[in-house]
Each structure stands twice: as structure tokens, then as C-alpha cells.
Amino acid sequence: MKSPEVGTLLPPLVTPFADGEIDWESFDELLTHVVDGGVSGVFPCGTTGEFASLTRDERRKLVEHTVDVVGDDVSVIAGGTGTSVGEAINWLETLDDLGVDAGVVTAPYYHNSNGEAGVRRFFEAVADASPLPLFLYNIPGCVGERIPIETVVAVADHDAVCGLKDSSGDFTYGVRAMHRTPEDFRLLQGYDSLLLPSLRMGFDGGINALSNVVPGAYSTLVDDPAGARAERIHRDVIDPLFEYALHEGFAPATKALLVEREVLSANDVRPPLVADTVSEVDALAAAQHRY
């Protein structure tokens, strides 16, 4: 099975809402915006997409719609997270039926503090039964614990495990994973402010919330991370947007910025998230529109 070529830049798509329901017109605008911006793939139903606030039917419809609209042009990966092995496998089977290229799975986010043995057991059981290639998803801020490096190393050789998305914000974690996993194990940086140094260290790409907003800037950086232009993009565009999102929350901030760019019609989020007041967006407009 091993790694499909899913590309180097895959925005974790926000899920637009209007009057409490998915805003499909805005979602199509977003798909056009990111694909025209040069991304190599898209990631619906991730953290930035508020997957935990969606019904199963909404998640299925979002993935199905994404594959139908852009699946011939870019890769599509999707969240396959579950609190149990059975739930994760069931959802991965649905994703496989819908035609996605890979699934993305966190450690079980209700049963945390499992230790290395418990986390490894979970991932091995999911990988053994998965019909899709899998990316491990390290996001301790949401799950409650990180995926131990020993677990990453142990499952990296599994035929179904193709890589890791690291959103821990710990640069050394990703570097350690890179040095201890096979060459074909793909490492994708999920923490926007670490994207450039990670690429220069040998990461394969990024899954970054703010690439929803400025996909062209991220594409330029990912395509040539060694260049001086990449440094300017990181300093003048990504860093100020990231600091804003870090303070306001990634889904609310990303949606507010997309409203300012007239990609989305509203910045609505579902509880327990709270919509940003857009108080800082005007000040960030110059950074958004540099690229």
C-alpha cells in the first residue's frame, strides 16, 4: 500500500457555515481559491475544518463533495480519527469508498495518558485493518498527549503508514522523527511558524491552516524553501497571520481572514468555538495581500 504522492502543500480546509448549516457556495469558492493558489492537495474534515463539530453525515458529504469538485486536479486526504479502533476503521472504510487518497488519524482523544504501549497498540490495530494509506497526526494540544517518538518509529515501517503530520509546535520532535524513520516516510509540518525551518531540515511539506488564506504565498515558499523570497514570505506574511491565529484560534481567525478576502460570506463557527470579532483583520490586510 505505502505512501501515495499526496503532494507538498495541503490546506486543512475550513468548513463554512451560514445559518448553522454548511455553506456550499462558500466552500466551492474556497476550493477554487486554494487550487488556483497552487496547492497540491486539500484536507477536509481536519481540526481547522471543525470536524469534531460536524455530524457524520456532514463529514461524509464534505469529503464526497471535495473529491467530486477537485479530486481530478489535486490530492484529497481526510480525517479518519476515532476514539476507538472500530470507529476509526469504519470511517476509513467510508473515506476509501469516497475516493480519498489517504486518511489522517490522531491518537484516541478521549482515552489519553495511555503511555507508549497503549498508543502503539491503537495505531497498529487501525493500520492493520485500514483500507487506506495513513498519516499519523500528532496534535497534543487537542488530543491531550503527543504520539511518542517510539510509537512513530515502531509503526513507520507498517505498509499502511505513510507519514506524520506534526502540529505539536515542537521543532525537535519532528527532527527526531525524521532521523529515525525511513526515507519514504513523509513528514508534513502542521505548525505554520515552523514550516520554513522544517522544510530546510528535510520535511516533505506542510498542512497549514493559513494556507487557506494565502495559498500562493505558501506554494511559493514550499516550492523554493532555500530562496530569499521564502524568508520574506515567512517573515512578512506567515508570521503576523500566525500570531493572530494563535491568539484567536485557527478556525475563527482563518474564517475571519477569508471573509476579508471575500472568499467566504461569513465567519460563523460552531460551539464551543466563538467567532472572531474581526477586530485585527484590517491591520493584517497588508500582510494578506502581499502575495
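No lab work stands behind these numbers, since they all come straight from the coordinates. Remember, predicted model here, so these are calculated numbers, not experimental data. Here the Cβ is made from the backbone with ideal geometry for all residues, glycine too, and neighbour counts use every protein chain on show.
Looking only at residues of segment 98-147 that are among the small types (G, A, S), within 14 Å of G82 (Cα to Cα) and without any contact (Cβ under 8 Å) to a residue 40 or more places away in the chain, we find that the one that is surrounded by the most Cβ atoms within 10 Å (Cβ to Cβ) is G103. Residues in segment 25-72 that are polar (S, T, N, Q) and outside any helix (DSSP H, G or I): S40, T47, T48, T55. Within the option set S193, S211, S219, being among the polar types (S, T, N, Q), touching a residue at least 12 places away in the same chain (Cβ under 8 Å), outside any strand (DSSP E or B) and crowded, with 23+ Cβ neighbours inside 10 Å holds for one residue only, S211. Just to be sure before I move on: is F17 of a type in the set (F, W, Y), surrounded by fewer than 24 Cβ atoms within 10 Å (Cβ to Cβ) and without any contact (Cβ under 8 Å) to a residue 60 or more places away in the chain in the structure I sent? Taking the combined requirement at face value, the residue does not satisfy it. Each residue in segment 166-187 was checked for being under 13 Å from P133 (Cβ atoms) and crowded, with 18+ Cβ neighbours inside 10 Å, and 2 pass.
Taking segment 199-225, which residues are in contact with a helix residue (DSSP H, G or I) (Cβ under 7 Å, 6 or more places away or on another chain) and of a type in the set (G, A, S)? Matches in segment 199-225: G202, G205, G206, A209, S211, A217. Can you tell me which residues in segment 124-159 are in contact with a helix residue (DSSP H, G or I) (Cβ under 7 Å, 6 or more places away or on another chain) and among the hydroxyl-bearing types (S, T, Y)? Correct list: S130, T151.
Taking the criterion of being without any contact (Cβ under 8 Å) to a residue 12 or more places away in the chain and not polar (S, T, N, Q), the only residue of segment 37-55 that qualifies is A52.
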